[in-house]
Amino acid sequence: GDVTVYSIGSGEILKPHSTLGRVQFWKSKSVVAVFVGSLLDLLDDCANHWRHFDQLFDCLDKFASCGQDEAIFLIRCGTILRLVELYQGEKGSIPPGVIVRSPKAKKQYLQKTKNNMRVKTGDRNKRPNFLPLLSLLSKLIRSGSFPDESESEVSDSDSSVSETENYSRNKACTFGQNSSYLTSVALKRRSSGVSYELPRREGYFVTRTELLDTMLNEVMPQGDNRSDKNGSYCSDLSTTVSEIICHICYNDFAKTLSICSQAQRIIKDHKAYESSTAIQVFRSSLHIRDKHLEPRIKCVTSAIFCGLEANAEYDNELSLILEALYAELVRRTPGARGREEEVYFHSTIVENMDRIVSLLGQKTTDRIKHTILSIVKSLLPEEIKAPTTGLSAQDEMPYYLDEESVKDRVFLALKDLHRNVVDAIESQCSQSKNDYFASQGNMTNHSYAFESTYFRDYFSALRICLTGPKTDDRLKSDEHWIYDITETILPGFWEVDNCGRNQNRPVADPLKGEIIKLFEHLVELDPNQFIEAVLNDSVYSSSQTTSKNTQSASDPVTKMMEVFITSSNNFDYNNNYMSHFYRLITLLADHNEHFKSSVLTHENWKWALKSFVLNQNIAKAGPPLYDTILFNTVKYLQIDENFREAIFRIIVSADGKESFLDQSNPDIASLKLLSSIFKCEILKNKCPKKQPICSLSFVSGECGGMSRLSSVMKKILSQIPLESDTTSTPHILENLLLSLNCMHLVLQALNINDVKKVIDESWPEIDEMNSFFTQLLTRTEDEWKIYHREDRSVTLINDIVAEATNLQKIIVLSAEAKAANSNTRTQ
């Protein structure tokens, strides 16, 4: 019953240093020792007061948390054996004589147990709150290592010093590895050169099958008021049990096999809520890093698959196991390398992936199907980048399986499932419609009868599989696969779209977004097959609806253009998914004239430009959606005159409100578009018969474009920071350049007489602007340095000076022409 103390020499060689025997706390002169001992004696009455014994364990736990010495003191007082006896109740098997009690407490205990009967804890309807007890037990057990099981002969008397030292010499060669399941104070003490081994008697009783089975069967009673909506009690209980069991299994594969067998039996035979602790133990066991790592992971995964197959007909139980499997896979280290246990577990699941996918063939719920597909997707390489910190440590980690070989296996498993997935989606949409219409008959708000994330991982996984150098090889066996899958998915996509349009699904629908991303990728791989499938009339026959918001099925191009877009307030969703919709549209337009014509004439694109780019209340420069729409709008300005004029009207027209050009904060997108429009007119209108319609309209008195640009220039001028200011407004240089560029381009598009007319009749700010141009030209290098923190600042400053110079030249030429005309009239 002694605690063995080890001193750690060089090379992690552990040598027996001394033994610490049992403590007779009732004889101690220490007030604290006597007080703690009196608390321990109260444990004998806990069985009768099980509804209110939480505080006693919490008090002892606080004492054990004071440090390693305090925890060892409790162990020497026999606290572990007391806790085990109380926890097992009437099923306990610890001989009364081995438990340390004060003489008074021992006498009282013997009187209560004359008939050798143990008191049952709890009653038929309610189980005690054992979490505080188990938390204290875990802390004490993990304060030292376990003794060798081969030396586990236990008697009622304490071990002698010679026996302990003998055992320690035999054990010294195998105790070199560090267990992460030791408490933090135990690890700290170990780092200082001292480690502890639990008494053999404690080691024997703590690792007995009966106790482990009781802990594995721990469950939060249903309806208990201790459980909150987050299930925190259940989580803490399972975690505590897992800590104890993982510490027991460390460097002990025989015990691992025994516990796996017990947990597997529980998962096979018990209901879902009764199996949660056993499943958590499995999950935790996957992360024990010792010399038995690989065989342990193989053992645990084998038990998990047996549990899956045994519960194939039971939805709740099957779902619980699958979700635990998924949770372990998604937490693995991203990148090409991972921790040893992550790599081996990942490879084991990949090898057994078909056993998981085969569950899709059974009559399972959408939730289970979604989880299975999510598990398969989680096997693929992560799309996120590996962490940039700690790269040197990651460089020493082993590699995961070859990315391309994993993609091959996953693609083979998923490529032919699209029909089943689409059927499930259509069924889900149909159910959501029924639920919605049923909810209209009462005053309560209806809730969606499904998760809008279901099945999104299927489409995401397919897209990832179709990346990399072996993509062509994967598609080689079925040359028409892109056409087939597009033709199959489209009806389901229209159903999801119609449900969002009719408020039967949430507008920010991740499933819809993942299908769009897959479509975009399929167009990149083979635009001809995808477009052929989209234009195929038979695709639309199953997706027709009488909704007033739905377009006729006879017009697939318009139908694609009128996919229901989310409101502009869904910022994250729009940038994650809707940016890909508009990129999909541009890809289709690049490869098909019908789609190009639709983009140029349909109001959808113009609405997106106003909502996601020009609206300063929502739009932000830089995110994918903003950049995609702005970049392609500039592209389309260059190829279609009608589109160019329509965008021009959007920018400068007020319609009773503030136009996009006249917003209080100068808008870089509006200036970019105006600059592109004017530049296009200069390039396109070299033919004498062509008139620069937008430029002429802009400088007209009705539009007052030059005055409006002058107002923009003043706003930009007001934003120029003082020399002492340490901050500069983002994009201020680019805004300044673009406004100057717009002025220069619009005047360049006119002949000299038109320029004179503009200056005389519709640009009253000309003198003020000329003065401003002069300020720009005479600004010193030191004055410009305030902007040098911005990227490309030197280039932008040079361009600004060049544009100001060009504008002054035009003004001078206009003045000279005016003077020449005046002289001519005088003569």
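The values are calculated or read from the model by the stated rules, or taken from the named source; none is laboratory data. What you are looking at is a predicted structure, and each value in this text was computed from that prediction instead of being measured. With ideal geometry, Cβ positions are generated from the backbone for all residues, glycine too; neighbour counts draw on all protein chains shown. Accessible surface is based on the protein model in full, side chains and every heavy atom, while ligands, DNA and RNA are left aside. Shrake-Rupley method; radii C 1.70, N 1.55, O 1.52, S 1.80 Å.
Looking across the stretch 322-331, the residues that are open to solvent by 20 Å² or more (accessible area, probe 1.4 Å) and either of a type outside the set (G, A, S) or over 16 Å from the mean Cα position of the chain (by Cα) (or both) come down to E323, Y326, V330, R331. Condition check for S439 on (1) surrounded by fewer than 19 Cβ atoms within 10 Å (Cβ to Cβ); (2) polar (S, T, N, Q); (3) modelled with pLDDT under 90; (4) within 29 Å of the chain's Cα centre (by Cα): one failure, at (4).
For the stretch 292-391, list the helices (runs of 4 or more DSSP H) that sit wholly inside it and hold at least 3 residues that are of a type in the set (D, E); which are they?
Details: elements: 293-310, 315-330, 340-351, 353-357, 366-378.
Hits in the stretch 292-391: 315-330, 340-351.
For the stretch 728-765, enumerate the residues that are of a type in the set (S, T, Y) and either open to solvent by less than 10 Å² (accessible area, probe 1.4 Å) or under 15 Å from F678 (Cβ atoms) (or both).
Step one: of the stretch 728-765, the residues of a type in the set (S, T, Y) are 728-729, 739, 762.
Result: S739, single match.
Considered as a group, the residues in the stretch 566-596 that are more than 15 Å from I531 (Cα to Cα), open to solvent by 20 Å² or more (accessible area, probe 1.4 Å) and without any contact (Cβ under 8 Å) to a residue 60 or more places away in the chain include one that is nearest to the chain's Cα centre (by Cα), and that residue is D572. Across the stretch 724-780, which residue is nearest to the chain's Cα centre (by Cα) among those that are modelled with pLDDT under 90 and acidic (D, E)? Across the stretch 724-780, the extreme among qualifying residues is E734.
What number of residues within the stretch 600-612 are surrounded by fewer than 21 Cβ atoms within 10 Å (Cβ to Cβ) and more than 29 Å from the chain's Cα centre (by Cα)?
So the answer is 8.
Is it the case that some residue within the stretch 636-657 is out of contact with any Lys or Arg (no Cβ under 9 Å at 6 or more places or on another chain), open to solvent by less than 10 Å² (accessible area, probe 1.4 Å), at pLDDT 90 or above and among the hydroxyl-bearing types (S, T, Y)? No: the stretch 636-657 contains no residue that is out of contact with any Lys or Arg (no Cβ under 9 Å at 6 or more places or on another chain), open to solvent by less than 10 Å² (accessible area, probe 1.4 Å), at pLDDT 90 or above and among the hydroxyl-bearing types (S, T, Y). Looking only at the stretch 59-71, which residues are open to solvent by less than 10 Å² (accessible area, probe 1.4 Å) and either closer than 14 Å to V23 by Cα or basic (K, R) (or both)? Answer for the stretch 59-71, where residues must be open to solvent by less than 10 Å² (accessible area, probe 1.4 Å) and either closer than 14 Å to V23 by Cα or basic (K, R) (or both): just A71. Residues that are open to solvent by less than 80 Å² (accessible area, probe 1.4 Å), over 10 Å from P334 (Cα atoms) and either among the hydroxyl-bearing types (S, T, Y) or at pLDDT below 65 (or both) within the stretch 379-393 comprise G390, A393, listed in sequence order. Applying the criterion of at least 2 residues that are over 26 Å from V746 (Cα atoms) and among the small types (G, A, S) to the helices (runs of 4 or more DSSP H) found wholly in the stretch 580-677 leaves 593-601.
Just wondering, is there one or more residues in the stretch 172-184 that are over 20 Å from I80 (Cβ atoms), modelled with pLDDT of 85 or more and assigned to a loop (DSSP other than H, G, I, E, B)? Within the stretch 172-184, not a single residue is over 20 Å from I80 (Cβ atoms), modelled with pLDDT of 85 or more and assigned to a loop (DSSP other than H, G, I, E, B).
In the stretch 507-558, the qualifying residues are those that are aromatic (F, W, Y) and either modelled with pLDDT of 90 or more or closer than 22 Å to H370 by Cα (or both), and the one that is nearest to the chain's Cα centre (by Cα) is F519. Considering only residues that are of a type in the set (S, T, N, Q) and part of a helix (DSSP H, G or I), look in the stretch 27-58 and name the one that is surrounded by the fewest Cβ atoms within 10 Å (Cβ to Cβ). Here the residue is Q55. Being part of a loop (DSSP other than H, G, I, E, B) and within 21 Å of C246 (Cα to Cα): is that true of I288 here? Criteria met by I288. When E153 is tested against the conditions (1) farther than 23 Å from L74 by Cβ; (2) at pLDDT 75 or above, the lone failure is (2). Taking the conditions (1) open to solvent by 50 Å² or more (accessible area, probe 1.4 Å); (2) hydroxyl-bearing (S, T, Y); (3) at pLDDT 90 or above in turn, S718 satisfies each one other than (3).
So that you can scan it fast, the table gives a plain yes or no per residue for (1) modelled with pLDDT of 95 or more; (2) more than 27 Å from the chain's Cα centre (by Cα); (3) hydroxyl-bearing (S, T, Y):
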{"site": "G231", "(1), (2), (3)": "no, no, no"}
{"site": "A254", "(1), (2), (3)": "no, yes, no"}
{"site": "D269", "(1), (2), (3)": "no, yes, no"}
{"site": "A272", "(1), (2), (3)": "no, no, no"}
{"site": "S284", "(1), (2), (3)": "no, no, yes"}
{"site": "K291", "(1), (2), (3)": "no, yes, no"}
{"site": "D315", "(1), (2), (3)": "no, no, no"}
{"site": "S319", "(1), (2), (3)": "no, no, yes"}
